[in-house]
Every structure is written in structure tokens, then in C-alpha cells.
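Peer 1: Have a look at the structure that comes next, please.
The values are calculated or read from the model by the stated rules, or taken from the named source; none is laboratory data. Note that the structure is predicted; figures quoted are calculated from it, not measured. Because the Cβ atoms are built from the backbone with ideal geometry, glycine has one as well, and the counts that use them run over all protein chains shown.
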Amino acid sequence: MHSIGEAMGVHAQHIDALWHAMLWVCGIMYVLVLGFLGLAILRRGRRRDEREVVHAQDERGLSMTLVAWTGLIVAGLFGLTLFSYFTDRALVQAASQPQINLKITGYQWWWQVEYVDPDPSRSVKTANEIHLPVGAQVSATLASQDVIHSFWVPNLHGKQDLIPGRDNDIRLQPTQAGTYLGICAEFCGLQHSKMHLDVIVESQEAYNAWYERQLQSAPPPTEPLAQRGQQVFMSSACNMCHAISGTDASASVGPDLSHVASRRSLAAGALPNDADSLFAWISNPQAIKPGSRMPIVPLSEHDLEALTAYLRTLQ
Amino acid sequence: MSASSEGIHDGEWLSEGETRARLDRTWDQGRGLYAFFATVDHKRVAKRYFVTAFVFFFLAGILALLMRLQLARPDNGLIGPDMYNQIFTMHGSTMMFLFAVPIMEGLAVYFVPLMCGTRAIAFPRLNSFSYWVYLFGGLMLWVAFALNIGPDAGWFAYTPLSGPGYSPGKRVDFWAQMITFTELSGLAVAIEIIATIFKQRAPGMALNRMPLFLWSMLVMSFMILFAMPSVMLASTMLIMDRLVGTHFFNAAEGGDALLWQHLFWFFGHPEVYIIFIPALGIVSSVVSTFTRRPIFGYPVMVLALIAIGFLGFGLWVHHMFATGLPRLGSSFYTAASMVIAIPSGIQIYCWIATMWQGKPRFATPLLFVVGFIVIFVLGGLTGVMLASVPMDLQLHDTYFVIAHFHYVLVGGAVFPLVAGAYYWYPKVTGRLMNERLGRWNFWTFFIGFNLAFFPMHYLGLAGMPRRVYTYSDGLGWNGLNLLAFAGVLLIGISVLLLIINLVRSRKHGALAGANPWNAPSLEWATSSPPPTYNFRHIPLVTSDNPLWEHREQLPVMRGLSVDKRELVLTTVLDAKPDIREPVAKPSIWPFISAIAVGVMFIASIFTPWAVVFGAIPPAIAITIWFWPKGDPGPADEDPEP
């Protein structure tokens with residue numbers, strides 16, 4: 001469940017504890033104010049004369065209460081500020097020895113995800129999806145290629161902006177397996193609403209298997225329809241923007257499609273990843289994400305089917 | 001100097017009828033079309049502010065209704081992303097720049113001179129000019145929107161999204177230039193208000209006798225002076241990036257995208273307090289009048305207002321916690337943002353304490369004030385949560401924030417404004433508004449508001465981000481979004497009731513008389529509506545609540561000319577009579593100058609040369625406006641107390 005309250009990462013758990021403290025302290029203060037207001041309304045004195053003025057009376061009681069009230073506010077704020085500082089510290093200290101280094105780059109309107117390894121041949125590039133093993137300490141560098149975006153997976157951590165010309169970073173440490181939704185939290189233009197990514201937290205073994213698959217190119221298509229699809233991909237506009245490892249397509253304008261069929265969703269979370277959705281997306285991306293940078297490429301029905309068949313082989 | 005050489009002065013030798021006749025003649029603003037554009041009567045100008053700002057409020061409210069309609073169901077195709085982005089940008093920009101600040105300015109323009117007990121606002125022609133500039137800026141923005149070239153980068157217009165690379169066309173330019181218009185107008189009003197409060201208070205109204213409403217308007221005006229230049233600078237830099245190829249915000253050429261956010265929020269956070277602080281003044285007036293008790297803890301209240309004014313400038317970074325600024329610096333802003341809860345909490349206490357010891361009568365204005373306390377305090381508490389860096393990292397840019405600032409701004413400013421509308425309507429029109437409708441107005445608003453906005457706290461916690469034109473099914477957000485739509489509908493009904501009440505009461509309301517609520521401050525010491533010169537005789541203030549001390553007859557000061565427009569200036573601290581000051585006559589030139597300035601601003605959206613050649617007509621118009629017209633008469637003599 002996509003929610004701040006269901007904390008599945010160390011960072012989110014720290015913040016969740018702070019949230020509960022806040023809720024209690026602020027809740028009590030609110031009840032006090034409402035109680036005072038309610039009593040003041042209930043005890044209202046009757047006026048004999050409409051024009052009678054209540055002159056300053058003995059204010060000592062109320063003044064003392066004001067001092068006490070102010071003291072209470074100060075104490076509450078002081079406590080919450082301290083708690084906030086300690087939580088902030090805990091956030092910085094968590095995941096301080098990352099085993100996985102990511103570079104996440106925001107584009108209008110999708111995410112590029114790179115697993116950075118000291119050995120370049122073991123680096124992996126994908127899009128709109130992050131796989132992580134349970135318990136891993138993760139560091140992600142955040143960059144933007146165009147406008148400001150914000151990376152937010154509420155189940156794991158708060159958000160951090162991706163700003164052109166600056167590199168930010170965020171640490172993650174998931175504690176429980178599951179699939180979490182990440183979204184862009186900073187307004188970034190027309191399709192800000194449809195800029196999601198999937199975070200899949202799985203066992204170390206599953207993660208390793210996934211990672212090894214990402215390092216390999218998908219096998220060349222064997223079926224005639226898929227083979228035709230590959231030709232379409234290489235000869236029409238597709239390869240101007242997209243890369244597929246093991247082929248000549250190596251552009252980096254749009255998402256890397258080397259293993260597109262293995263991903264959970266399409267078009268940055270706009271569609272589930274199945275053959276029908278893929279077909280619909282390729283035939284008219286503007287109908288699904290109006291304003292998307294992916295143009296409508298005029299192709300015949302048969303070519304579209306072939307292309308879909310080919311892309312579905314990229315496991 | 002003798003009366004003959006100076007004209008006749010107010011004094012024992014004149015009958016009341018004669019005084020009135022002469023003042024009527026002297027201060028006549030004229031009739032007809034020319035007079036309509038030339039008037040410098042602060043009350044007429046302020047009424048235009050009220051009507052214009054209310055129209056913008058209504059329009060922006062309709063946009064809100066459209067947004068909630070679009071979001072009432074998941075995957076709704078009613079409004080596409082392009083239109084939706086324009087709508088939410090227009091909603092925010094209109095509410096902040098064309099409604100909230102101008103209506104507070106209008107309130108100040110109408111009531112500050114009356115509460116000060118003076119005959120006119122300081123710099124009345126500038127006042128006329130500032131209204132026209134505001135009107136033209138608002139019209140330009142809405143005409144652009146009607147032509148489907150409304151801005152679509154958000155009311156905050158973050159670079160580089162709003163820059164030339166990602167917002168081609170003229171949409172953002174209209175937005176940026178609207179800022180220039182309204183801020184120019186706002187700065188002018190701020191200067192008028194400060195000058196009026198400092199120099200034109202009735203004799204005897206020392207600073208420590210000023211009603212809290214005047215204090216709040218004073219603090220607001222100073223905040224405008226310091227905050228608005230920042231956003232004018234920023235919007236001008238943005239226009240230059242877009243129009244002449246500078247690179248202030250372009251990281252690729254050595255600019256900085258974050259610079260925009262600093263400049264914008266250095267204005268944007270105080271802006272919230274610019275809207276909120278006058279509302280505190282309204283609340284203080286209403287609470288005191290309807291509980292028939294002077295506000296508890298007056299000195300503490302004044303200090304709290306000033307403290308909020310100062311602290312308001314130290315919080316802007318809490319809008320930027322997710323941008324990756326240094327942790328230690330961010331912590332400072334956490335502390336500063338928390339601290340502002342102290343003066344706010346003290347004020348809330350003082351109002352309730354006033355009710356506690358007073359004898360409250362729950363007429364519509366006081367009902368809205370109670371609504372204000374219930375809603376605003378909740379918004380303040382969620383503000384405390386958002387001040388914390390770790391909390392904000394989760395809650396920033398979610399529906400939780402939308403809930404928070406609507407609780408603070410609708411609860412903290414719109415509720416007091418409606419209270420003020422019911423409270424001061426009789427002063428402005430001479431008739432009372434309908435109480436029964438008022439109660440319906442209150443309960444529909446209060447319930448509708450909470451239905452619409454309380455669920456948004458939960459939506460934010462459930463991970464719903466702001467500024468999305470649609471969302472998918474299955475995220476658990478459907479029901480609450482539908483509920484929010486129902487709540488907004490109820491608010492819409494409430495606003496219609498308010499409009500009906502405002503319009504109907506103008507003809508059919510009960511006659512109010514000078515002081516229908518038995519209120520203590522000076523605006524109630526004159527007829528409703530007040531004559532153009534406000535007071536036949538300038539009141540003399542001898543206590544904190546003049547109309548409660550002197551129920552039958554207020555002591556007055558005599559000696560001002562009744563044949564020339566004149567008012568008395570007093571000293572800043574003690575309000576001792578100082579000098580006479582001539583008051584400007586009506587003039588068409590502020591209006592013409594505003595047109596000339598407007599043409600220059602709008603043309604500069606299309607060509608930078610407009611700044612060069614377009615500056616000539618305003619220069620000419622303003623020169624004629626200020627051209628000395630004969631001898632204003634000696635103005636340095638002490639009037640007789």
C-alpha cells in the first residue's frame with residue numbers, strides 16, 4: 001500500500017515515529033484550545049443592557065494562565081524540535097555504508113536508473129524501475145536532464161529534488177520485500193501526473209538473478225513476426241531515441257529498452273506492461289500521455305504488431 | 001492668520017448645517033464619467049477594490065470547483081492536462097495576487113483613514129493609481145486565460161520549467177507581468193497606509209491607543225515593503241531570461257535554478273503573513289465589539305503582531321527542504337518556523353480570554369471568528385509538523401500541504417474577511433446584512449470547508465501528490481476525492497448565499513445608523529455611509545476605546561478649513577497636532593498614468609523595446625499629474641485644539 005504510514009524502509013520508519021509524536025503533541029494542544037474556547041462560549045454572561053461594556057476586571061487569573069499557556073507552547077515546540085533534530089540525524093546516519101550505488105536522472109516524464117559499478121561492464125541501465133534486495137544500504141545520486149523533478153517513494157523515505165545543474169543524493173534501506181510506488185513530487189509540466197516508477201524490493205537471490213539478467217542482452221528474436229519487428233525498430237524512428245543492448249540501437253533520448261518486457265509497467269507507470277497496452281502505447285502515445293516526448297510514428301497495423309512482438313521478447 | 005485670508009475654518013461661529021454644507025461643497029468628488037475616473041475618495045476607491053477582488057475570488061473559486069470535479073473520479077478525462085495546469089495556476093495566482101492581498105489592501109484603504117479619524121488617505125491620487133494598476137494587471141491575466149494562453153507553470157512558476165526552454169510562447173510572460181502590476185500597486189498602497197497611520201491619526205490617538213486593526217495594517221504594510229521587491233526582481237529576471245536571453249536561472253550557462261526559489265519564497269512566505277496579519281486585525285475588532293470588552297492583553301497582542309511580522313521573513317527555506325540545502329541551515333529554519341507558533345498561540349489565547357471575561361453575543365461576525373479559531377488553529381498545528389525537516393520530506397508537495405495551507409488561508413483569512421464583511425457592511429452601505437442568511441452562510445461554509453479539506457490531510461499521508469490532473473484507480477484515493485468535491489459544492493452554495501445577502505441587503509437591509517454594534521473605534525463615530533470628508537469635526541481621542549468612553553458626544557478638534565481640503569497631521573508617537581496638510585483634488589491623471597504604465601508593461605511582453613519607448617508616455621502623464629498648480633497655501637500653522 002502506497003502510504004507514508006506503512007513504513008517499509010529504515011528512513012520512513014524514523015519519520016513515522018516522529019509523525020506519531022507530532023500527532024500526539026499537536027492533538028493535545030488542539031483539544032486544549034477547543035476546550036478553552038468551548039468553555040468560554042458556554043459560560044458567557046448574560047447582558048442586561050445591550051450597550052453595557054465590560055471594563056477591565058481582575059485579570060490576574062487569566063494572565064497567569066497566559067504565562068502557563070505560553071510555557072506549554074514553548075515546551076511542546078522545544079520537545080518537537082529536539083525530536084525533529086534527532087530524527088534528522090538518524091536519517092543522515094542510516095545507510096551510511098551503501099552497497100548499491102544508483103544514479104537516477106529525471107526526464108520529462110520518466111526516470112532513468114543506472115546501477116553504477118566500479119567495473120563499467122557490470123553497470124546496468126534501465127528505466128522507471130528499481131530492484132533492491134531487502135536490507136541493502138543504497139545511495140542514489142539524483143540529477144535532472146531538463147526541469148526540476150522530485151524522487152519520492154513514501155514507503156521508503158521522504159522526497160528529494162532532482163535539480164538541473166546540481167547533484168543531490170538520497171539514501172534508502174528497505175526492510176521488507178514488496179513492490180512500492182515511486183512518484184515525481186515536484187510539478188514538472190504536462191505529464192507530471194504520469195511520472196511514476198516501481199521499486200521492487202526482493203530477496204538477495206532474486207535480486208542477484210535480476211541483476212545478472214540485466215547484464216546480458218536479450219536473445220535475438222527467433223519468430224518471423226518478432227524478426228520483422230526488429231527490422232521495423234531499426235529502420236523507423238524508434239532507434240533515434242531508444243537503446244537496446246546487443247543491437248545497433250544506442251540512443252539515449254528515451255528510456256533504455258534492453259529489457260523492457262521484464263518491467264512491471266510502461267510509460268513511467270502510465271500502463272500495465274502487457275501486449276495490448278504496449279500496442280496501444282506505440283500506436284498513439286499522445287492519447288495515453290498527451291504532450292509526451294514520444295511522437296506518433298506512422299506505421300502500418302502489421303508493422304505495429306510486429307514491433308510489439310519484438311519488444312515483448314526483450315525479457 | 002485671519003479667517004478671511006485663509007477661508008472659513010471649522011469653529012463655534014459656524015452652525016452644524018453650515019459646516020456640513022460647506023464641507024460637502026469643498027470635498028465634492030463630482031458626478032458623471034469624468035468624476036468616476038478622477039475620484040480620489042479613498043472610500044470609493046476601496047469599494048472598487050472590494051468588488052474587483054470579490055469577482056476574482058468568485059472566478060478562482062469556480063476554477064477550484066472545476067479541479068475538484070476533474071479529480072472526483074480516478075482516470076477522469078473531463079479536463080486534459082494542458083487545461084488543468086492552466087486552471088490550477090490561475091486558481092493559485094488569482095487567489096494570492098488578485099484576491100487575498102488586494103482585498104486586504106482595499107480594507108485598509110477604506111477603514112484605516114476612518115479608524116484614524118482623518119479626512120482622507122495619504123497620497124489619494126497614488127491610491128487611485130494603485131487601484132487602476134491592480135485592475136489592469138488582473139484583467140490582462142484573465143483575458144490571456146480566456147484566450148487559452150493562460151499561465152501553466154504553477155503560481156510559484158519554478159525555473160527552469162517556467163523558463164524559455166520548457167515554457168515557450170507567452171503564457172508565463174503574462175503571469176510574470178501580472179506580478180509586476182500587482183506588486184507595484186501593492187507597494188503604493190503600503191506607502192499610503194504607513195503614511196496615514198503614522199501621520200494622520202486623530203489628535204490624542206497615541207501609538208498605544210491604536211486599535212489592533214491599525215497595528216495589523218501597519219505591520220502588513222511594512223511586510224509588503226520588504227517582501228514584494230523580491231518577487232518583482234525575480235519576475236523581472238524571469239522575463240529577461242525569456243525575452244532577452246539572459247541566463248539568471250539557466251544552470252547550463254552558469255545560472256542557478258534554485259535562485260528563483262530563494263527569491264520567490266523570500267517573498268512567498270511573508271506573503272502568507274501579509275494576508276494573515278490583517279485578518280488578525282479584523283478578528284480583534286470583531287471580538288472586542290461583540291464581547292463588549294477591550295481585547296485582553298493589548299500590549300502582548302501588539303508585540304505578537306510585530307513578532308510575526310519579523311519572524312515571517314525567516315522561514316522561507318521551509319518551502320525548500322527537499323532541494324538538498326545543507327542540513328544545518330535547514331535546521332535553523334525548522335526552529336524559526338516553530339517559533340512563530342508562539343506569538344500565534346498567544347493571540348489565540350487572548351481572543352478566547354476576551355470572550356471568557358466578556359459577554360459575547362454570537363451574531364454572524366462572531367460566529368465566523370469562532371470558525372476562524374477552530375479552523376486556523378488546526379492549520380497552525382499542521383504547520384508545526386511541516387516545519388520539521390524530516391516530516392516535511394514526506395509531506396512536502398502532497399495533499400497534506402494543500403489541506404494545511406487552506407486551513408491557514410481560508411480559515412485564517414477568508415473566515416475573518418467574511419466576519420469583517422458582515423461587521424462593516426453597514427458602515428459602507430448604511431444597511432445591515434441579514435442575520436438569518438448569515439447563519440446559513442456560516443454553517444454551510446464551515447461544514448463544506450471541513451468536508452472538502454479535512455480529508456486532504458489523509459490523502460497526503462496516503463501519498464497523493466499535488467498538481468496532478470488525474471490519478472489511477474486502486475490507490476485508495478477515490479472516496480476522499482469525491483467527498484472533497486461534495487464539500488466544495490457546499491462551499492459554493494455558501495458563497496452564493498453570501499452574494500445574495502450582500503446584494504439584497506443593499507436595498508432591503510435594516511437601516512444601520514452610525515454605530516449599529518455599539519463598537520468602540522472611530523469608524524463608527526460618523527454616519528453610515530460616511531461623507532466624503534469622513535468626519536464633520538476631527539475627533540479628539542482621550543482613551544483606548546473612544547466610543548465606549550464617550551457614548552453621547554465625542555470630544556472634537558476644530559480649526560480646519562471648511563473651504564479648502566485640509567487635514568491635520570499629528571506626531572508619530574503621541575499624535576499631537578502638528579501641521580495642516582492640503583489634500584489633493586480629484587484628477588484624471590492617475591488613471592491615464594495607469595493606462596500608460598499598463599501599455600508599457602503589456603507591450604514589454606512582446607518586445608524589450610517597449611521598456612525604452614513605452615516609458616515615455618508614463619513619464620509625460622506622471623509629469624502632468626505632479627505639475628504644481630498654484631499656491632497650496634501655508635500649511636505650517638498649528639490648528640486650534
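Peer 1: Against the definition (of a type outside the set (A, V, I, L, M, F, W, C), farther than 22 Å from B:Pro124 by Cα, at pLDDT below 95 and under 28 Å from the mean Cα position of the chain (by Cα)), how does B:Ser604 come out, yes or no?
Peer 2: Criteria met by B:Ser604.
Peer 1: For segment B:45-146, list the helices (runs of 4 or more DSSP H) that sit wholly inside it and hold at least 2 residues that are farther than 22 Å from A:Ser193 by Cα and among the aromatic types (Phe, Trp, Tyr); which are they?
Peer 2: Once the helices (runs of 4 or more DSSP H) in segment B:45-146 are filtered for at least 2 residues that are farther than 22 Å from A:Ser193 by Cα and among the aromatic types (Phe, Trp, Tyr), what remains is B:101-116, B:124-146.
Peer 1: How many residues are within 11 Å of chain A (Cβ to nearest Cβ), part of a helix (DSSP H, G or I) and over 25 Å from the mean Cα position of the chain (by Cα) if we restrict to segment B:289-331?
Peer 2: Qualifying residue count for the region: 8.
Peer 1: Now for a separate question. Can you say whether B:Thr429 is at the interface with another protein chain (Cβ under 10 Å from one of its Cβ atoms) and either of a type in the set (Val, Ile, Thr) or in contact with a Leu (Cβ under 6 Å, 6 or more places away or on another chain) (or both), as far as the supplied structure shows?
Peer 2: Here the answer is no, as B:Thr429 does not meet what is asked.
Peer 1: I've got another one for you. Would a scan of segment B:100-107 turn up a residue that is within 14 Å of chain A (Cβ to nearest Cβ), among the β-branched types (Val, Ile, Thr) and crowded, with 24+ Cβ neighbours inside 10 Å?
Peer 2: Checked segment B:100-107: no residue is within 14 Å of chain A (Cβ to nearest Cβ), among the β-branched types (Val, Ile, Thr) and crowded, with 24+ Cβ neighbours inside 10 Å.
Peer 1: Okay, next question. Give the residue that is farthest from B:Ala146 (Cα to Cα), with candidates limited to residues of segment B:75-85 that are more than 11 Å from chain A (Cβ to nearest Cβ) and in contact (Cβ under 8 Å) with a residue 60 or more places away in the chain.
Peer 2: Per the criteria, the residue is B:Asn76.
Peer 1: Considering every residue within segment A:93-110, establish whether at least one is free of Cβ contacts under 8 Å to residues at least 24 places away in the same chain, within 14 Å of chain B (Cβ to nearest Cβ) and not acidic (Asp, Glu).
Peer 2: Among the residues of segment A:93-110, at least one is free of Cβ contacts under 8 Å to residues at least 24 places away in the same chain, within 14 Å of chain B (Cβ to nearest Cβ) and not acidic (Asp, Glu), which makes the answer yes.
Peer 1: While we're looking at this one, here's another question. Does B:Gly92 meet the test of being out of contact with any strand residue (DSSP E or B) (no Cβ under 9 Å at 6 or more places or on another chain), of a type in the set (Gly, Ala, Ser) and modelled with pLDDT of 95 or more?
Peer 2: Considered against the rule, which asks whether it is out of contact with any strand residue (DSSP E or B) (no Cβ under 9 Å at 6 or more places or on another chain), of a type in the set (Gly, Ala, Ser) and modelled with pLDDT of 95 or more, B:Gly92 comes out as yes.
Peer 1: Which residues, counting only those in segment B:596-627, are part of a loop (DSSP other than H, G, I, E, B), among the aliphatic types (A, V, I, L, M) and over 14 Å from B:Asp173 (Cα atoms)?
Peer 2: Across segment B:596-627, the qualifying residue is only B:Ala615.
Peer 1: Residues of segment B:240-280 being touching a residue at least 60 places away in the same chain (Cβ under 8 Å) and among the β-branched types (Val, Ile, Thr), which ones?
Peer 2: Across segment B:240-280, the qualifying residues are B:Val244, B:Val272, B:Ile274, B:Ile275, B:Ile277.
Peer 1: Another question, then. For segment B:369-478, list the helices (runs of 4 or more DSSP H) that sit wholly inside it and hold at least 1 residues that are touching a His at 6+ places or on another chain (Cβ under 6 Å), modelled with pLDDT of 95 or more and aliphatic (A, V, I, L, M); which are they?
Peer 2: Where helices (runs of 4 or more DSSP H) fall fully within segment B:369-478 and carry at least 1 residues being touching a His at 6+ places or on another chain (Cβ under 6 Å), modelled with pLDDT of 95 or more and aliphatic (A, V, I, L, M), they are B:399-409.
Peer 1: Have a look at A:Leu82, A:Leu91, A:Leu72, A:Leu77 and point out the one that is outside any strand (DSSP E or B), surrounded by fewer than 11 Cβ atoms within 10 Å (Cβ to Cβ) and of a type outside the set (Gly, Ala, Ser).
Peer 2: A:Leu82
Peer 1: Also, I was wondering about something else. Go through the residues of segment B:550-573 one by one and say whether even a single one is within 14 Å of another protein chain (Cβ to nearest Cβ), of a type in the set (Asp, Glu) and farther than 21 Å from B:Ala363 by Cβ.
Peer 2: yes
Peer 1: Just checking, how many residues over segment B:411-429 are touching a helix residue (DSSP H, G or I) at 6+ places or on another chain (Cβ under 6 Å) and surrounded by fewer than 22 Cβ atoms within 10 Å (Cβ to Cβ)?
Peer 2: Residues in segment B:411-429 being touching a helix residue (DSSP H, G or I) at 6+ places or on another chain (Cβ under 6 Å) and surrounded by fewer than 22 Cβ atoms within 10 Å (Cβ to Cβ): 1 in total.
Peer 1: Quick check on segment A:145-200: of everything there that is of a type in the set (Gly, Ala, Ser) and not in a strand (DSSP E or B), which residue is farthest from A:Val253 (Cα to Cα)?
Peer 2: That would be A:Ala177.
For every residue, the table says whether it meets (1) assigned to a helix (DSSP H, G or I); (2) under 20 Å from the mean Cα position of the chain (by Cα); (3) within 30 Å of B:Leu243 (Cβ to Cβ).
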{"residue": "B:Tyr166", "(1), (2), (3)": "no, no, yes"}
{"residue": "B:Phe174", "(1), (2), (3)": "yes, no, yes"}
{"residue": "B:Ala195", "(1), (2), (3)": "yes, yes, no"}
{"residue": "B:Ala202", "(1), (2), (3)": "no, no, no"}
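Peer 1: May I pose another question? If I filter segment A:180-200 for residues that are in contact (Cβ under 8 Å) with a residue 12 or more places away in the chain, surrounded by fewer than 20 Cβ atoms within 10 Å (Cβ to Cβ), within 14 Å of chain B (Cβ to nearest Cβ) and of a type in the set (Ser, Thr, Tyr), do I get at least one hit?
Peer 2: No - not one qualifying residue is present in segment A:180-200.
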